[in-house]
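To keep things clear, I will list the structure first and then write my remarks on it.
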Amino acid sequence: MDATLRKILKDIRPQMKCERYEHTYGVMYIASALAMRYEYDPKKAMLAGALHDCAKIYTCKDYVKECERCGISVKENELKLPHLLHAPLGAYYAKVKYGIEDVDIINAVRYHTLGRFDMGLLEKIVYVADYIEPSRKEIENLAEIRALVFTDLDRAILFKLENVVNYLKKNDYPIDNNTIELLEYYRENFGSNKG
Ligand SMILES: [Fe+2]
Ligand SMILES: [Fe+2]
């Protein structure tokens, strides 16, 4: 194992609940398998997977405080779902605490929760690996997404977005405008009518 990766895992392990650490491990290895499938560097994918939830260690109000301490701006809508701040905070930790300079890895951590338009390959890999790793609780269409991700990464992202938006609607949680726009974009470009 890469020395940087070993150091990161050693550092995050005591900070996380057992389930969160297992999830991290799952994302790390699924991301590396997907990297192999899509001809990306599996070592970089492992680093991104290991780091993706490295800041998911706080209570809701502590995320805001920690972001302020680190000089990360918090938007109005992020105050409603402060746990989402673990993504920008994780990207900050990746750079500052763990010395990661690779922009692909930083962005994969930064955008793993909400995704974005024009995601790079590693961003897409971590975005779906987070959703399908083996310890993930059973969710709708999970088996289908797990199979699809190895043949069509963008369609798998569309499935995840559909699921996420349905879940948020069903539970009356706030939905970010960017998420709706991203779903529309993926429907238009990778929906079933696009073959
Ligand atoms: Fe996360
Ligand atoms: Fe995660």
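Consider GLU68 carefully, then state whether it is surrounded by 17 or more Cβ atoms within 10 Å (Cβ to Cβ), more than 16 Å from ligand 2 (Cβ to nearest atom) and closer than 30 Å to PRO174 by Cα. So that I can check it myself, show each step before the final result.
Working: surrounded by 17 or more Cβ atoms within 10 Å (Cβ to Cβ): no; more than 16 Å from ligand 2 (Cβ to nearest atom): yes; closer than 30 Å to PRO174 by Cα: yes.
For GLU68, the condition - surrounded by 17 or more Cβ atoms within 10 Å (Cβ to Cβ), more than 16 Å from ligand 2 (Cβ to nearest atom) and closer than 30 Å to PRO174 by Cα - is not met.
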When you go through (1) surrounded by fewer than 18 Cβ atoms within 10 Å (Cβ to Cβ); (2) in a helix (DSSP H, G or I); (3) modelled with pLDDT under 95 one by one for GLU78, which number turns out not to apply? (1)
Condition check for PRO174: exposed (fewer than 13 other Cβ atoms within 10 Å of the Cβ) and touching a Phe, Trp or Tyr at 6+ places or on another chain (Cβ under 9 Å): no
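Do we find that TYR21 is of a type in the set (Phe, Trp, Tyr), away from ligand 1 (no atom under 14 Å from the Cβ) and surrounded by 14 or more Cβ atoms within 10 Å (Cβ to Cβ) in this structure?
Working: of a type in the set (Phe, Trp, Tyr): yes; away from ligand 1 (no atom under 14 Å from the Cβ): no; surrounded by 14 or more Cβ atoms within 10 Å (Cβ to Cβ): yes.
Criteria not met by TYR21.
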Of the numbered conditions (1) closer than 21 Å to LEU89 by Cβ; (2) buried (at least 18 other Cβ atoms within 10 Å of the Cβ), ILE30 satisfies every one except a single condition; which is it? (1)
For region 29-85, what are the residues that are without any contact (Cβ under 8 Å) to a residue 40 or more places away in the chain, out of contact with any Leu (no Cβ under 6 Å at 6 or more places or on another chain), aliphatic (A, V, I, L, M) and within 14 Å of ligand 1 (Cβ to nearest atom)? LEU84, LEU85
Name the pairs: first residue in region 1-24 and part of a helix (DSSP H, G or I), second residue loosely packed, with under 14 Cβ neighbours inside 10 Å, Cβ to Cβ under 6 Å, at least 6 apart or on different chains? TYR21/ARG13; GLU22/SER135; HIS23/SER135
Residue check: is GLY120 away from ligand 1 (no atom under 14 Å from the Cβ), of a type in the set (Gly, Ala, Ser), on the phi < 0 side of the Ramachandran plot and touching a helix residue (DSSP H, G or I) at 6+ places or on another chain (Cβ under 9 Å)? yes
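The values are calculated or read from the model by the stated rules, or taken from the named source; none is laboratory data. Note that the structure is a prediction, hence the values are computed from the model and not measured. Don't worry about glycine lacking a Cβ; one is built from the backbone with ideal geometry, like all the others, and counts go over all protein chains shown.
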